[in-house]
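Peer 1: Below is the structure I would like to discuss, written out as structure tokens.
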Amino acid sequence: SKLAALFEHRLYNIPVPEVTEKDKLFVVNPAEKFSLLSSGSDEWVSSSKAEALLPAGETAYDTYPAWLKFHIGINRYELYPRRDPLLPSLLRDLATQKIVSSVQKSGGTQLKLIMTFPNYGQALFKPMKQTRDQETPIDFFYFSDFERHNAEIAAFHLDRILDFRRIPPVSGRLVNITKEIRNITTDKKLAKTFFISPAGNVCFYGECSYYCSTEHALCGKPDQLEGSMAALLPDKTLAKRRSWRSPWRRSYHKSKKAEWELNPNYCTRVRETPPYNRGHRLLDLIDMTVLDFLMGNMDRHHYETFEKFGNDTFLLHLDNGRGFGTHSRDELSILAPLQQCCSIKKLTYLRLQLLATQPYRLSDVLREALATDPLAPVLAEPHLQALDRRLGKVLAVVGRCLA
């Protein structure tokens, strides 16, 4: 296994700083027990209300479902640990847990659903919009592109292979539109958009600002639909997140250019602007730039951080559905922050060099990681080949900076 060998490499075994209480997103009472109420009411009860004693040898933590352990494990330095024993069970839950509720997520330009499981875990479901071998049409603007379910799955695994670990776990899943969406939804607006197509397939389109119409309906075969299931982050009422506008945001206009596209010395100004004038924020943004270039994602207008940790923490790499749309073209403008600032973390650079070598080739390790997903193969082969080519271009940019 090339993937196992990669994670055993010394570059993937550099310890994170010691995590103190103030570095944890949540400080949990170790005696709190997670208890599912048999009455079917939608709440979980702490040990102060639960009368049942724990089975012998179990700690309160053992009673927590995987999603809750994931939330409790988040800290200042990482979303989940490098050797996370929880990951397989969390991905399995996303792929197999019974869906007890499906409602449309408000906001956003395209249809997404929030699905709830019996253990009160929740996932964000992005349905399949195009097949693996379709490419984004060459005349499409980046802001008109579809969000792809398989891009969300591949982005999670790529982010982990780069050792960023800033994307919440994502699994592919085959969903039954009738039983797991239409029959159980309490969302009246969503319920009104279901219909049977002329081919006899169950379809729906929801409500959103783009692509929510009968012409862009999502149809099953006859009611089976592929999608990505992403573990939700803790509710914002429990863990506030701050949204930051990217300095290298595109104009989102058909003819206007953004300032960074016109000013080659743009980075000098960014370096003088908080929070990029101190700490590792700019280098973290360049990490995200590398991830986006490898995927071909031009749609990174904002990023988020957990408010509790201030400016000294990692960036969350959310919303990756517009990646992996084209394999035949490389969008070099995505690399503008790296090209203009000529800065990159030494560790990131060393890992990229490692992934360009035969024993750990990026396309091979990602192919191996994606083979475990329920919807494998997740990416068409040309997308995997494009990763190696793009990795070479990232290293070439760094080489020019060094020269």
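The values are calculated or read from the model by the stated rules, or taken from the named source; none is laboratory data. Just so you know, these numbers come straight off a predicted model, no measurement behind them. Note that we place each Cβ from the backbone using ideal geometry, even for glycine, and neighbour counts take in every protein chain shown. Ligands, DNA and RNA are excluded from the accessible area calculation, which covers all protein heavy atoms including side chains. Shrake-Rupley method; radii C 1.70, N 1.55, O 1.52, S 1.80 Å.
Peer 1: Taking +1 at the Cβ of each Lys and Arg and -1 at the Cβ of each Asp and Glu, which of 193, 399, 172 sits farthest along the dipole of the chain towards its positive end, judged by Cα position relative to the Cα centre?
Peer 2: 399
Peer 1: Per residue, how much accessible area does the chain have with a 1.4 Å probe, in Å²?
Peer 2: Accessible area per residue: 47 Å².
Peer 1: Using a 10 Å cut-off on Cβ atoms, rank the peptides 98-105, 24-31, 145-152, 5-12 from the highest mean neighbour count down.
Peer 2: 145-152, 98-105, 5-12, 24-31
Peer 1: Give me the percent of the accessible area of the chain that comes from carbon and sulfur atoms, probe 1.4 Å, all protein chains in place.
Peer 2: 54 percent
Peer 1: What size of dipole, in debye to the nearest 20, comes out for the chain about its Cα centre when the only charges are +1 on Lys and Arg C-beta atoms and -1 on Asp and Glu C-beta atoms?
Peer 2: Once rounded to the nearest 20, the dipole reads 820 debye.
Peer 1: Please work out how much accessible surface residue 115 shows to a 1.4 Å probe, ignoring ligands, DNA and RNA, in Å² rounded to 10.
Peer 2: So the heavy atoms of residue 115 present about 0 Å² to solvent.
Peer 1: Moving on. Any idea how far apart residue 62 and residue 23 come out in nm if each label point goes 7 Å out from Cα toward Cβ?
Peer 2: Computed distance between label sites residue 62 and residue 23 equals 2.8 nm.
Peer 1: Pull out the extension gain between residue 192 and residue 239, defined as 0.36 nm times the separation in residues minus the alpha carbon to alpha carbon distance; nm, one decimal.
Peer 2: That works out to 13.5 nm of additional length.
Peer 1: Once you have the Kirkwood Rh of the stretch 241-402 from its Cα pairs, apply Stokes-Einstein at 37 °C and 0.692 mPa s and quote D in µm²/s.
Peer 2: 194 µm²/s
Peer 1: What do you reckon, how do 248, 67 stack up by accessible area (1.4 Å probe), largest on top?
Peer 2: 67, 248
Peer 1: At R0 = 56 Å, how high is the FRET efficiency between residue 183 and residue 254 if r is their beta carbon distance? Nearest 0.05 is fine.
Peer 2: Efficiency for this residue pair is about 0.85.
Peer 1: What are the residues whose amide H is under 5 Å from the amide H of residue 100, where those residues sit 5 or more places off or on another chain and H is modelled from the backbone?
Peer 2: Long-range HN contacts for residue 100: 116, 117.
Peer 1: For the chain, what is the mean residue ellipticity at 222 nm derived from helices alone (per DSSP H run of n ≥ 4: -39500 (n - 2.57); sum divided by total residues; nearest 500 deg cm²/dmol)?
Peer 2: -8000 deg cm²/dmol
Peer 1: Taking Cα centroids, how far is the stretch 303-347 from the stretch 256-291 in Å?
Peer 2: If you average the Cα positions of each part, the centres end up 11 Å apart.
Peer 1: When only DSSP loop residues count, what GluC sites (Glu not before Pro) in the stretch 264-309 have their Cβ near at most 15 other Cβ atoms within 10 Å?
Peer 2: The qualifying sites are 272.
Peer 1: If you find the alpha carbon centre of the stretch 63-100 and of the stretch 176-243, how far apart are they in angstrom?
Peer 2: Each part reduced to its Cα centre gives a spacing of 24 Å.
Peer 1: Short version: ³J(HN,Hα) in whole Hz for each residue of the stretch 280-292, in order, from phi by Karplus 6.51 cos²θ - 1.76 cosθ + 1.60 (θ = phi - 60°), x for Gly and Pro, what are they?
Peer 2: Going residue by residue, I get 10, 4, 5, 5, 5, 5, 5, 4, 5, 4, 4, 4, 5 Hz, with x marking Gly and Pro.
Peer 1: For an R0 of 45 angstrom, estimate the FRET efficiency from the Cβ-Cβ distance between residue 400 and residue 372 and round to the nearest 0.05.
Peer 2: It comes to 0.75.
Peer 1: For the pair residue 98 and residue 263, how long in nm is the line joining their label points, each one 7 Å along Cα→Cβ?
Peer 2: Using points 7 Å along Cα→Cβ, the separation is 5.8 nm.
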